[in-house]
Structures are given as C-alpha cells and as structure tokens.
1. When both residues are 6+ apart or on different chains and their Cβ atoms are under 8 Å apart, which pairs have a first residue that lies in region 124-139 and is closer than 23 Å to ASP231 by Cβ, and a second that is of a type in the set (Phe, Trp, Tyr) and assigned to a helix (DSSP H, G or I)?
2. Looking at the structure I just gave you, is PRO151 crowded, with 18+ Cβ neighbours inside 10 Å and modelled with pLDDT under 95?
3. Got at least one residue in region 125-134 being touching a helix residue (DSSP H, G or I) at 6+ places or on another chain (Cβ under 7 Å), buried (at least 17 other Cβ atoms within 10 Å of the Cβ) and under 27 Å from ARG243 (Cα atoms)?
4. Tell me which residues, restricted to region 213-234, are of a type in the set (A, V, I, L, M, F, W, C) and surrounded by 14 or more Cβ atoms within 10 Å (Cβ to Cβ).
5. Of ALA212, ALA201, which residue is of a type in the set (A, V, I, L, M, F, W, C) and at pLDDT 90 or above?
6. List the helices (runs of 4 or more DSSP H) that sit entirely inside region 50-119 and contain at least 2 residues that are in the same structural domain as LEU220 (by the TED database), over 30 Å from ALA216 (Cβ atoms) and polar (S, T, N, Q).
7. I'd like to check something: does region 241-252 contain any residue that is on the phi < 0 side of the Ramachandran plot, touching a helix residue (DSSP H, G or I) at 6+ places or on another chain (Cβ under 7 Å) and at pLDDT 90 or above?
Amino acid sequence: MEHDEIYLIDTWRILVREWKWFAAPLLLVLAATFAFIHVARPQWEATAWIQIGQVGAVPPGQDPKAEPLQRVMERLQLLSFQNDVVKSVGLSPDARDAHLYRKSLKLEPLPYAGPLIKLTLRAYSPQQADQLATATMTQLQAIHRRIEAMPLARAHRHLDEVQKELQAALADRDRLQQAAAPGNQGDAGGKNAPGSVLASALLSSKNEEVHALQQAEGELADRLSAAYTYDTSLMWPVYVPDRQAFPNPVLMWAVGLVLGLLLGALAAIARNALRRAATTRHALGKSIQPKKPVHALTD
C-alpha cells in the first residue's frame, strides 16, 4: 500500500536533515526585516473629524449646509485643493512630504452623524501630521465661509428689518394704548364713543402684528444662533497616536518571521526532493547497467 500523505514527523525530519537550507532563507528574511525597520522613514497617522458648516436661516426646502456631503468629498480629493493645503503649511507640492500627504489622504463619509467626514492622513512627524490635518480643515473652512457669506448676510439683513418693524409696531401700540385709555376719551360717550371703539380695534390689530413680528424675530434669532448656524470646523481635536503608523515593528517582525519560516520550509523541502531524485537516478543507473559477457575459459 502506498502512502501519499505527508506527516508532520516527516516534515520535521526533512527540516532537521536540511537545517542549513531551512535556516538560510529564514535568516535572510529576518536580516532584511531588521534593515527595513531601521532604514524606512517613520510615518505618523492623524485622524480628524470635520463637521460641514451651515446657515440655519435659509428658505424652506433649501439645504442649509454650505455644500452637500458628496461635493465636499470630491473637493477634498481635488489636486488643486491638496496643493493649496501643502502650500499653506510651507511645503512645495513636489516635496516628498506633499506626495505622502496626497497619497495617504483617505476620506470616510459619516452622513448620519452631522454629517461628518472622517479624514486620515500620514506625515513624517507627529507635528506635521497634526498640522496637515488642521490645514485641510482650515482650507475647507475658508471656502465654505465664502459660500455662506451671501446667505448669512441676507439672513442678518432680514433680522434687522424684522427688528425695525417690531420697534415701530411697539411704538404704534404704545400710542394706541394711550389713545384708547379712558381718561383720553373725554366725557362724551365714554368707552362706547366711536373714537374709543376705533382705537380698541386698531390696538387689537397692532397687538396681533407685534406678536407675529416677535415670533418671526425669535425664529430668525434661533436660526442664526450657534445651534443652527456654524462654521465648518473640527468636531474634536486632531488625534495623532504616540506610536508611528509605519513601519510597525511588531507587525513587521511577525510578517518577517512567518515569511522566513515559509521560505525556509519550502527551500528545505525542495532541497530534500532534489536529493532524493538524485539518489533515485543513481540507484536506477546501477540497476540497469549491462552485465559483462561471460568469456570462455582460456587454456
């Protein structure tokens, strides 16, 4: 009966027999891992959460956000926008630092949380990573402020107009209250006099107008408060871990060890297979070697 299965004990015997071929690739990979960890330039990763600004006092049916979420995502990925960001922190767009920023910039939309945009990027120092993340938000904030300037100014003008109308209506109501007071109607007719009835009707109408203007003023003031009108900003401070993101020594050593063991095992098994093939060929060559002819015995 033939047994084609390879048992662990057989593999162990092969590795022990061919230990030099197993150890050589393992040591080479570990040496390469050590060299890479000490030669590669460290990178730190920054994470930021950007909240899109809005103007609360907009016409009904209009999006109060400065820009829709998807448009902001597309803007952040524009090469011109990214170049403006690196220039704002004193980097050249062709520098390695700028290239790493553009290459590592990743965006994750969070539509049900504000909406927010989760932004991650890498840099060659923790300070630079924090600086680039903040500069990205600042650049976007400046653009959104320009977009929001006109609707925000219009909303403030509307609020000023409502407040002026309310002041005028309050002054008119005070005059009507004085005119409708019993002491100002004289003795003719008393409170049933035509002048008193007209003043009371006008006062009631003016009260309704004042109430409507006060309600409009309160709604506009609420919409322009910080709860509904705010700038594009960082939701929380930029987060940069103390440990570098790349290269990760623990991860690199783990990968190097696994890869070295795998390559070492393959090399040992391949060497053992070649050795067995050579032994088999040698044995076969001996078995098929022609026999020498038997000569007659000479005198």
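The values are calculated or read from the model by the stated rules, or taken from the named source; none is laboratory data. Fair warning: this is a prediction, and the values are worked out from it, not measured in the lab. Here the Cβ positions follow ideal geometry from the backbone for every residue, glycine too, while neighbour counts run over all protein chains shown. Side chains are part of the model used for accessible areas, which takes the heavy atoms of the whole protein and leaves out ligands, DNA and RNA. Shrake-Rupley method; radii C 1.70, N 1.55, O 1.52, S 1.80 Å.
1. Listed pairs, sorted by first residue: LEU132/TYR101; GLN139/PHE81.
2. Yes: the conditions hold for PRO151.
3. yes
4. LEU213, ALA216, LEU220, LEU224, LEU234
5. ALA212
6. Of the helices (runs of 4 or more DSSP H) lying wholly inside region 50-119, those with at least 2 residues that are in the same structural domain as LEU220 (by the TED database), over 30 Å from ALA216 (Cβ atoms) and polar (S, T, N, Q) span 79-88.
7. no
Each row is one residue, and each column tells you yes or no for (1) more than 29 Å from ARG154 (Cβ to Cβ); (2) open to solvent by 20 Å² or more (accessible area, probe 1.4 Å); (3) not polar (S, T, N, Q).
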residue: ALA66; (1), (2), (3): no, no, yes
residue: MET73; (1), (2), (3): no, no, yes
residue: GLN77; (1), (2), (3): yes, yes, no
residue: PHE81; (1), (2), (3): no, no, yes
residue: VAL86; (1), (2), (3): yes, no, yes
residue: LEU91; (1), (2), (3): yes, yes, yes
residue: ALA95; (1), (2), (3): yes, yes, yes
residue: PRO111; (1), (2), (3): no, yes, yes
